[in-house]
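Peer 1: Here it is, the structure in full.
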Amino acid sequence: MNENDEIRELLESLAEPDFQKFASSLIPNIPSESVLGVRLPRLRKIAKQIARSDWRDYLDKAQDLSFEETMLQGMVIGYVREPLQEIKRRIAWFVPKIDNWSVCDSFCSGLKITKDYPDEMWEFIVPYVQSDEEYGIRFGVVMILFYYVDSVHMEEAFRLLDAVQYDSYYVKMAVAWAVSIYYLSFPKETLAFLSGCSLDDFTYNKSLQKITESKKVSADTKEEIRRMKRK
């Protein structure tokens with residue numbers, strides 16, 4: 001039995017039927033049977049163990065037979081401590097495997113190396129935002145909202161978000177999410193962006209909705225934001 005078979009057996013032993021039903025319902029665009037039902041904290045524990053062992057061999061032979069097996073690979077990349085060039089190479093290898101929002105967003109949250117190399121990683125992710133691949137775009141957008149909500153990158157981030165024209169619910173929601181996160185730190189600048197942006201009506205209105213869903217926004221401000229909705 002090889003390592004991947006052992007990992008598959010371990011994941012199956014950790015699967016919870018009730019959680020499987022819940023988890024698969026949150027990711028309707030992939031087959032429900034591809035979700036085993038393993039909770040993320042358990043996946044992270046396994047990923048940390050792999051990252052401390054022969055992780056290169058694991059990734060080179062890893063299979064994508066389930067949602068969890070793909071998720072695990074992304075987590076491992078986030079945990080390994082290697083030179084940036086090696087990590088970037090592994091990220092580029094992994095992004096095409098992403099086929100749902102959950103793997104995408106979890107992968108992005110684990111790429112803490114971005115905080116150590118903000119300039120290099122910004123240059124690396126921009127082409128993804130400008131690509132024509134659904135989850136490549138979402139990857140780039142989510143990386144922006146996780147690591148680049150600051151005054152240095154704001155202007156270019158708005159330009160990149162405004163230029164996204166991909167007809168996908170998961171891309172549009174990522175852009176709306178990013179706009180709402182920018183609003184929390186830069187409300188004046190974000191409102192100025194929204195007043196002259198080229199976002200399609202769905203993404204624009206979802207941006208407003210996500211802003212109003214924040215507990216950090218006052219009731220009066222939420223009413224003002226709602227009045228900005230496009231009919």
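What follows draws every value from the coordinates through simple rules; no lab data is involved. Here the structure is a predicted model, which means the values were calculated and not measured. So basically every Cβ, Gly included, is an ideal-geometry build from the backbone, and we count neighbours across all protein chains shown.
Peer 1: Calculate the FRET efficiency for L10 and E133 from the Cβ-Cβ distance with a Förster distance of 30 Å, rounded to the nearest 0.05.
Peer 2: 0.45
Peer 1: What FRET efficiency do you get for K21 and A192 if R0 is 35 Å and r is their Cβ-Cβ distance, rounded to the nearest 0.05?
Peer 2: The pair K21/A192 has a calculated efficiency of 0.20.
Peer 1: Under the rule a/c < 1.5 gives rounded, and otherwise a/b versus b/c splits prolate from oblate, where does the stretch 87-196 land using the Cα gyration tensor?
Peer 2: Judged from the Cα gyration tensor, the stretch 87-196 comes out oblate (a/c at least 1.5, b/c at or above a/b).
Peer 1: Same structure again: Check the straight Cα-Cα distances from K97 and name the lysines below 19 Å, setting aside those fewer than 8 residues away within the same chain.
Peer 2: K61, K88
Peer 1: Next question, about the same structure. Could you tally the net charge around L84, taking each other residue with its Cβ under 9 Å from the Cβ of L84, Lys/Arg +1 and Asp/Glu -1?
Peer 2: Once all neighbours under 9 Å are counted, the net charge is -3.
Peer 1: Moving on to the next point. Report the residue, chosen from D116, D60, D220, that carries the largest GNM mean-square fluctuation when the chain is represented by alpha-carbon nodes joined by springs under 10 Å.
Peer 2: D220
Peer 1: Now a separate question. Helix hunt in the chain: which complete DSSP H runs extend at least 24 Å axially by C-alpha with mean Kyte-Doolittle at least 0.0?
Peer 2: Helix filter hits for the chain: 169-185.
Peer 1: Please report the net charge: other residues with Cβ closer than 14 Å to the Cβ of S218, K and R +1, D and E -1.
Peer 2: Residues close to S218 contribute a combined charge of 0.
Peer 1: Using DSSP to call loops (not H, G, I, E or B), can you name the chymotrypsin sites (Phe, Trp or Tyr not before Pro) in the stretch 7-59 whose Cβ has at most 14 other Cβ atoms within 10 angstrom?
Peer 2: Filter output for the stretch 7-59: empty list.
Peer 1: Tell me which lysines have Cα within less than 24 Å of K231's Cα, excluding those fewer than 8 residues away on the same chain?
Peer 2: K172, K188, K206, K210, K222
Peer 1: Using the crude model of +1 on Lys and Arg Cβ and -1 on Asp and Glu Cβ, and no other charge, please compute the dipole size for the chain relative to its Cα centre, in debye to 20.
Peer 2: Around 900 debye, computed over the chain.
Peer 1: For a quick check of your reading of the filter: which trypsin sites (Lys or Arg not before Pro) in the stretch 1-89 sit in a DSSP loop and have no more than 16 other Cβ atoms within 10 Å?
Peer 2: Answer in residue order: R39, R52, R81.
Peer 1: Scan [x] 19.0, 62; [y] 17.9, 54; [z] 17.1, 54 for the value of Rg and Dmax of the Cα atoms in Å calculated from this model and give just the label.
Peer 2: Looking at Rg and Dmax of the Cα atoms in Å for this model, the match is [x].
Peer 1: Rank S13, S198, S131 by mean-square fluctuation in a GNM of the chain with C-alpha springs under 10 angstrom and give only the top-ranked residue.
Peer 2: Result for the chain, Cα springs under 10 Å: S13 fluctuates most.
Peer 1: S151 versus K112, label points 7 Å from Cα toward the beta carbon: distance in nm?
Peer 2: The two pseudo-label positions are separated by 2.8 nm.
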